[in-house]
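A.B. asks: Could you have a look at this structure, given as C-alpha coordinates, before my questions?
The values are calculated or read from the model by the stated rules, or taken from the named source; none is laboratory data. Please read these numbers as outputs of a predicted model, since none were measured by experiment. Please note: Cβ atoms are built from the backbone with ideal geometry, for glycine as well, and neighbour counts cover all protein chains shown.
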(Lines give C-alpha, C1' and ligand atoms only; values in the text may rest on other atoms or scores of the structure.)
Protein backbone atom coordinates (compact mmCIF):
# COMPACT_ATOMS: atom_id res chain seq x y z
CA UNK A 1 0.00 0.00 0.00
CA UNK A 2 1.11 3.54 -0.74
CA UNK A 3 -0.04 5.53 2.27
CA UNK A 4 1.43 8.80 1.02
CA UNK A 5 -0.23 8.58 -2.40
CA UNK A 6 -3.41 7.74 -0.50
CA UNK A 7 -5.19 4.74 0.97
CA UNK A 8 -8.63 4.19 2.47
CA UNK A 9 -8.74 1.98 5.57
CA UNK A 10 -11.78 0.47 7.26
CA UNK A 11 -11.37 -0.05 11.01
CA UNK A 12 -13.47 -0.97 14.03
CA UNK A 13 -13.33 1.85 16.57
CA UNK A 14 -12.98 0.34 20.04
CA UNK A 15 -15.25 1.38 22.88
CA UNK A 16 -13.91 4.29 24.97
CA UNK A 17 -11.52 5.46 22.24
CA UNK A 18 -12.17 8.86 20.68
CA UNK A 19 -12.16 9.11 16.90
CA UNK A 20 -8.99 11.21 17.26
CA UNK A 21 -7.38 8.40 19.29
CA UNK A 22 -7.84 6.06 16.32
CA UNK A 23 -6.46 8.56 13.81
CA UNK A 24 -3.54 9.55 16.06
CA UNK A 25 -2.53 5.95 16.80
CA UNK A 26 -2.52 4.91 13.16
CA UNK A 27 -0.77 8.10 12.03
CA UNK A 28 1.96 7.62 14.62
CA UNK A 29 2.66 4.04 13.55
CA UNK A 30 2.58 4.93 9.84
CA UNK A 31 5.01 7.83 10.33
CA UNK A 32 7.39 5.58 12.24
CA UNK A 33 7.16 2.83 9.65
CA UNK A 34 7.57 5.21 6.69
CA UNK A 35 10.23 7.26 8.49
CA UNK A 36 8.21 10.42 8.00
CA UNK A 37 7.63 13.30 10.40
CA UNK A 38 4.21 14.07 8.97
CA UNK A 39 1.47 12.20 7.15
CA UNK A 40 -2.09 13.26 6.48
CA UNK A 41 -4.59 10.92 8.15
CA UNK A 42 -8.25 11.76 8.65
CA UNK A 43 -11.57 10.06 9.24
CA UNK A 44 -14.99 10.24 7.59
CA UNK A 45 -17.50 10.56 10.41
CA UNK A 46 -16.92 10.99 14.13
CA UNK A 47 -17.99 8.39 16.68
CA UNK A 48 -18.45 9.28 20.35
CA UNK A 49 -16.09 7.58 22.85
CA UNK A 50 -19.01 5.51 24.15
CA UNK A 51 -19.75 4.20 20.64
CA UNK A 52 -17.91 1.54 18.66
CA UNK A 53 -17.96 0.29 15.10
CA UNK A 54 -17.15 1.22 11.53
CA UNK A 55 -14.72 4.08 10.92
CA UNK A 56 -13.34 5.03 7.52
CA UNK A 57 -9.80 6.45 7.58
CA UNK A 58 -8.04 8.14 4.69
CA UNK A 59 -4.30 8.71 4.34
CA UNK A 60 -2.20 11.00 2.15
CA UNK A 61 -3.97 12.35 -0.92
CA UNK A 62 -7.00 10.15 -0.22
CA UNK A 63 -7.96 12.61 2.54
CA UNK A 64 -9.48 14.68 -0.28
CA UNK A 65 -12.21 12.02 -0.45
CA UNK A 66 -13.29 12.43 3.19
CA UNK A 67 -16.10 14.88 2.51
CA UNK A 68 -17.65 12.59 -0.11
CA UNK A 69 -17.27 9.51 2.09
CA UNK A 70 -19.04 11.26 4.98
CA UNK A 71 -22.27 11.33 2.99
CA UNK A 72 -22.58 7.55 2.99
CA UNK A 73 -25.71 6.22 4.73
CA UNK A 74 -25.00 5.04 8.29
CA UNK A 75 -26.43 2.01 10.09
CA UNK A 76 -26.39 1.65 13.87
CA UNK A 77 -27.49 -0.77 16.54
CA UNK A 78 -28.57 1.33 19.52
CA UNK A 79 -29.57 0.16 22.99
CA UNK A 80 -31.80 2.52 24.98
CA UNK A 81 -32.82 2.46 28.61
CA UNK A 82 -36.37 3.76 28.91
CA UNK A 83 -37.59 5.68 31.94
CA UNK A 84 -34.34 7.51 32.67
CA UNK A 85 -32.49 10.49 31.21
CA UNK A 86 -28.99 11.90 31.48
CA UNK A 87 -27.71 15.39 30.51
CA UNK A 88 -25.71 13.93 27.59
CA UNK A 89 -28.40 11.39 26.61
CA UNK A 90 -25.87 8.56 27.10
CA UNK A 91 -23.71 7.09 29.88
CA UNK A 92 -21.19 9.95 29.91
CA UNK A 93 -23.23 11.50 32.73
CA UNK A 94 -25.28 9.92 35.53
CA UNK A 95 -29.05 9.68 35.45
CA UNK A 96 -30.65 13.02 36.34
CA UNK A 97 -34.36 12.08 36.18
CA UNK A 98 -36.61 9.03 36.12
CA UNK A 99 -40.00 8.54 34.49
CA UNK A 100 -42.74 5.88 34.44
CA UNK A 101 -42.49 3.02 31.95
CA UNK A 102 -45.40 0.74 32.95
CA UNK A 103 -47.55 2.20 30.15
CA UNK A 104 -44.98 1.45 27.42
CA UNK A 105 -46.06 -1.54 25.34
CA UNK A 106 -44.61 -2.93 22.11
CA UNK A 107 -47.66 -1.58 20.30
CA UNK A 108 -47.00 1.92 21.64
CA UNK A 109 -43.33 1.68 20.64
CA UNK A 110 -44.24 0.66 17.09
CA UNK A 111 -46.79 3.46 16.86
CA UNK A 112 -44.44 6.20 18.06
CA UNK A 113 -41.43 5.05 16.03
CA UNK A 114 -43.42 5.62 12.85
CA UNK A 115 -43.20 9.38 13.44
CA UNK A 116 -39.41 9.22 13.17
CA UNK A 117 -39.32 7.72 9.68
CA UNK A 118 -38.36 9.80 6.64
CA UNK A 119 -37.34 13.45 6.91
CA UNK A 120 -37.30 14.77 10.47
CA UNK A 121 -35.98 17.83 12.27
CA UNK A 122 -33.58 17.09 15.10
CA UNK A 123 -32.04 19.39 17.70
CA UNK A 124 -28.45 18.23 18.41
CA UNK A 125 -27.43 17.38 21.98
CA UNK A 126 -25.97 20.22 24.04
CA UNK A 127 -23.06 17.89 24.81
CA UNK A 128 -21.89 17.85 21.18
CA UNK A 129 -19.25 19.44 18.96
CA UNK A 130 -21.78 21.66 17.17
CA UNK A 131 -20.37 25.19 16.94
CA UNK A 132 -22.29 28.10 18.44
CA UNK A 133 -20.73 31.55 18.34
CA UNK A 134 -17.34 30.10 17.50
CA UNK A 135 -17.37 27.68 20.43
CA UNK A 136 -18.36 24.02 20.72
CA UNK A 137 -21.73 23.41 22.35
CA UNK A 138 -20.16 21.11 24.94
CA UNK A 139 -17.95 23.99 26.12
CA UNK A 140 -21.09 25.87 27.17
CA UNK A 141 -22.68 22.74 28.65
CA UNK A 142 -19.66 21.90 30.79
CA UNK A 143 -19.76 25.40 32.27
CA UNK A 144 -23.46 25.08 33.01
CA UNK A 145 -24.30 27.79 30.46
CA UNK A 146 -27.48 27.55 28.40
CA UNK A 147 -27.17 27.56 24.63
CA UNK A 148 -29.82 27.36 21.93
CA UNK A 149 -29.12 24.87 19.16
CA UNK A 150 -30.93 24.96 15.84
CA UNK A 151 -32.80 21.90 14.56
CA UNK A 152 -31.31 20.18 11.53
CA UNK A 153 -33.12 18.31 8.78
CA UNK A 154 -32.07 14.67 8.41
CA UNK A 155 -33.43 11.39 7.11
CA UNK A 156 -34.22 8.13 8.91
CA UNK A 157 -34.51 5.40 6.27
CA UNK A 158 -35.10 2.43 8.55
CA UNK A 159 -36.02 2.03 12.22
CA UNK A 160 -36.38 -1.56 13.38
CA UNK A 161 -37.00 -2.94 16.87
CA UNK A 162 -34.46 -5.70 17.53
CA UNK A 163 -35.32 -6.29 21.18
CA UNK A 164 -37.90 -4.93 23.59
CA UNK A 165 -37.93 -5.93 27.23
CA UNK A 166 -38.70 -2.85 29.36
CA UNK A 167 -36.80 -0.84 30.27
CA UNK A 168 -34.48 -2.01 27.42
CA UNK A 169 -35.23 -1.08 23.82
CA UNK A 170 -32.75 -2.06 21.11
CA UNK A 171 -33.06 -0.57 17.63
CA UNK A 172 -31.46 -0.92 14.21
CA UNK A 173 -31.27 2.52 12.63
CA UNK A 174 -30.37 3.47 9.06
CA UNK A 175 -29.94 7.21 8.71
CA UNK A 176 -28.28 10.12 6.95
CA UNK A 177 -25.12 12.02 7.79
CA UNK A 178 -25.44 14.28 10.82
CA UNK A 179 -27.89 12.15 12.78
CA UNK A 180 -27.29 12.15 16.53
CA UNK A 181 -28.46 8.79 17.85
CA UNK A 182 -28.28 10.20 21.39
CA UNK A 183 -30.75 12.90 20.39
CA UNK A 184 -32.96 10.29 18.73
CA UNK A 185 -33.01 8.38 22.03
CA UNK A 186 -34.04 11.59 23.82
CA UNK A 187 -36.85 12.24 21.35
CA UNK A 188 -38.12 8.64 21.43
CA UNK A 189 -38.31 8.84 25.22
CA UNK A 190 -40.35 12.03 24.99
CA UNK A 191 -42.65 10.51 22.33
CA UNK A 192 -43.32 7.60 24.71
CA UNK A 193 -44.32 10.05 27.49
CA UNK A 194 -41.27 8.93 29.42
CA UNK A 195 -37.52 9.40 29.11
CA UNK A 196 -34.67 7.51 27.49
CA UNK A 197 -30.91 7.51 27.05
CA UNK A 198 -28.35 5.44 25.17
CA UNK A 199 -26.57 2.65 27.02
CA UNK A 200 -24.76 1.20 23.98
CA UNK A 201 -24.16 2.18 20.36
CA UNK A 202 -22.41 0.40 17.50
CA UNK A 203 -22.09 1.70 13.96
CA UNK A 204 -22.49 -1.37 11.79
CA UNK A 205 -22.28 0.18 8.33
CA UNK A 206 -21.10 3.29 6.47
CA UNK A 207 -22.19 3.32 2.84
CA UNK A 208 -21.48 -0.21 1.60
CA UNK A 209 -18.82 -0.92 4.24
CA UNK A 210 -19.88 -3.23 7.07
CA UNK A 211 -18.16 -4.37 10.26
CA UNK A 212 -17.12 -7.61 8.55
CA UNK A 213 -14.85 -5.61 6.24
CA UNK A 214 -13.12 -3.66 9.01
CA UNK A 215 -9.76 -4.22 10.63
CA UNK A 216 -9.39 -4.62 14.36
CA UNK A 217 -7.03 -1.83 15.45
CA UNK A 218 -4.33 -4.13 16.85
CA UNK A 219 -4.42 -6.37 13.77
CA UNK A 220 -4.08 -3.39 11.43
CA UNK A 221 -1.19 -1.91 13.40
CA UNK A 222 0.63 -5.24 13.40
CA UNK A 223 0.19 -5.52 9.61
CA UNK A 224 1.58 -2.02 9.14
CA UNK A 225 4.56 -2.64 11.43
CA UNK A 226 5.48 -5.87 9.63
CA UNK A 227 4.87 -4.48 6.12
CA UNK A 228 2.27 -7.17 5.65
CA UNK A 229 -0.60 -5.10 4.33
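A.B. asks: Quick one: is residue 21 crowded, with 20+ Cβ neighbours inside 10 Å and under 23 Å from residue 90 (Cα atoms)?
C.D. replies: Against the criterion (crowded, with 20+ Cβ neighbours inside 10 Å and under 23 Å from residue 90 (Cα atoms)), residue 21 does not qualify.
A.B. asks: Considering (1) more than 30 Å from residue 30 (Cβ to Cβ); (2) touching a strand residue (DSSP E or B) at 6+ places or on another chain (Cβ under 6 Å); (3) assigned to a strand (DSSP E or B), say which one residue 202 fails and leave the rest.
C.D. replies: (1)
A.B. asks: Which residue, of 80, 113, 91, is within 17 Å of residue 182 (Cβ to Cβ), at pLDDT 95 or above and touching a helix residue (DSSP H, G or I) at 6+ places or on another chain (Cβ under 6 Å)?
C.D. replies: Being within 17 Å of residue 182 (Cβ to Cβ), at pLDDT 95 or above and touching a helix residue (DSSP H, G or I) at 6+ places or on another chain (Cβ under 6 Å) holds for just one of 80, 113, 91, which is 80.
A.B. asks: Inside the range 40-68, can you point out the residues that are touching a strand residue (DSSP E or B) at 6+ places or on another chain (Cβ under 8 Å) and closer than 12 Å to residue 203 by Cα?
C.D. replies: Selection gives 45, 47, 48, 50, 51, 52, 53, 54, 55, 56.
A.B. asks: Within the range 41-89, count every residue that is surrounded by fewer than 22 Cβ atoms within 10 Å (Cβ to Cβ) and at positive phi.
C.D. replies: 3
A.B. asks: Would you be able to say whether some residue in the range 128-139 is crowded, with 16+ Cβ neighbours inside 10 Å, free of Cβ contacts under 8 Å to residues at least 40 places away in the same chain and assigned to a loop (DSSP other than H, G, I, E, B)?
C.D. replies: yes
A.B. asks: Considering 8, 66, 26, which residue is more than 19 Å from residue 218 (Cβ to Cβ), in contact (Cβ under 8 Å) with a residue 24 or more places away in the chain and out of contact with any helix residue (DSSP H, G or I) (no Cβ under 6 Å at 6 or more places or on another chain)?
C.D. replies: On inspection, the qualifying residue turns out to be 66.
A.B. asks: Condition check: in contact with a helix residue (DSSP H, G or I) (Cβ under 6 Å, 6 or more places away or on another chain) and not assigned by TED's automatic domain parsing to the domain that holds residue 27. Does residue 159 satisfy that?
C.D. replies: yes
A.B. asks: How many residues are within 21 Å of residue 45 (Cβ to Cβ) and assigned to a strand (DSSP E or B) when one looks only at the range 161-183?
C.D. replies: Total meeting the criteria: 5.
A.B. asks: I want to confirm something. Restricting to the range 90-126 and keeping residues that are free of Cβ contacts under 8 Å to residues at least 60 places away in the same chain and part of a strand (DSSP E or B), which single residue is surrounded by the most Cβ atoms within 10 Å (Cβ to Cβ)?
C.D. replies: Filtering first and then ranking leaves 120.
A.B. asks: For the range 153-161, check the following and say yes or no: at least one residue is surrounded by 18 or more Cβ atoms within 10 Å (Cβ to Cβ) and touching a residue at least 60 places away in the same chain (Cβ under 8 Å).
C.D. replies: The answer is no; no qualifying residue exists.
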